[in-house]
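Worksheet for the structure shown next.
Values in this text are rule-based calculations from the coordinates and carry no lab data. Since the structure is predicted, the reported quantities are computational estimates derived from the model, not experimental observations. Neighbour counts are summed over all protein chains in view; Cβ atoms, including those assigned to glycine, are modelled from backbone coordinates with ideal geometry.
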Ligand code: GAR
């Protein structure tokens, strides 16, 4: 049997995406193993989540490093020492240096709470809500040198309702994040992913049967 995919998960906040990865591994749906959780925020609830499941956690504070390069150098050293196959950014609120990207070519993925390329950055849900879109969602993508610009692996679309608030929309999006991130990692574990330019191809998957979505629904057209 193939070895489970070795993951390094980088977090900064609540760690709910980390939790969904842990839960899917524990129930056997995701054939991966978390070798290390690295957190840049000592107050992150994600640390508690990781510890509760007996996962090794390293907390790296930016203030303890002179430069970004030093910080990323330490990240690289830790991840290499664990022989990580895939670096999973799960709410990791830092831009990585080009040296970090070079150290793990096409082996870093991120989840973003909007339908990229719309609404990149750190307030994806709020920006989409304030713009007045009728659909939003989330995106798992490879990380490249831009901000949320790498090739897209999978997206989930959710409606924005007229009585939504930023918070209700963010929650609807987050629930979908918890579904598509483990799925994207499982595609990796199964060796199904190839990249052709900007396009990510995934072998043996069913494409969505939907032709179109409308919000509000069409009234007879
Ligand atoms: C998630 O919504 C994730 O998509 C977002 O941070 C949240 C982390 O939640 N990431 C970004 O906005 C990256 N630009 P979590 O800590 O509960 O997984």
key: Two-site label geometry, residue 175 and residue 51: point separation in nm, points 7 Å out along Cα→Cβ   = 3.1
note = For the chain, shape from the Cα gyration tensor axes a ≥ b ≥ c, cut at a/c of 1.5 then a/b versus b/c, turns out prolate
note = Within the chain, the percent of DSSP beta bridges that are antiparallel, given to the nearest 5, stands at 45
Relative packing of 80-92, 20-32, which averages over residues the other C-beta atoms within 10 Å, highest first = 80-92, 20-32
query = By the gyration tensor of its Cα atoms, with a ≥ b ≥ c the square roots of the eigenvalues, what is the shape of segment 161-221: rounded for a/c under 1.5, prolate for a/b over b/c, or oblate?
reply = oblate
message = Can you give me the angle between helix 68-81 and the longest principal axis of the chain, using Cα atoms only, in degrees from 0 to 90, rounded to the nearest 10?
response = 80
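For segment 1-111, what does the alpha-carbon gyration tensor say about shape, rounded, prolate or oblate, given a ≥ b ≥ c as the root eigenvalues, a/c under 1.5 as rounded, and a/b over b/c as prolate?
oblate
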ask   = What whole number of Å gives the distance from the Cα centroid of segment 48-75 to the Cα centroid of segment 81-120?
value = 15
task = Give the angle, between 0 and 90 degrees and rounded to the nearest 10, that separates the Cα long axis of helix 16-26 from the longest principal axis of the Cα atoms of the chain.
result = 80
request  = Would you compute, from DSSP H runs of 4+ residues alone, the mean residue ellipticity of the chain at 222 nm, taking -39500 (n - 2.57) per run and dividing by the full residue count, rounded to the nearest 500?
outcome  = -10000 deg cm²/dmol
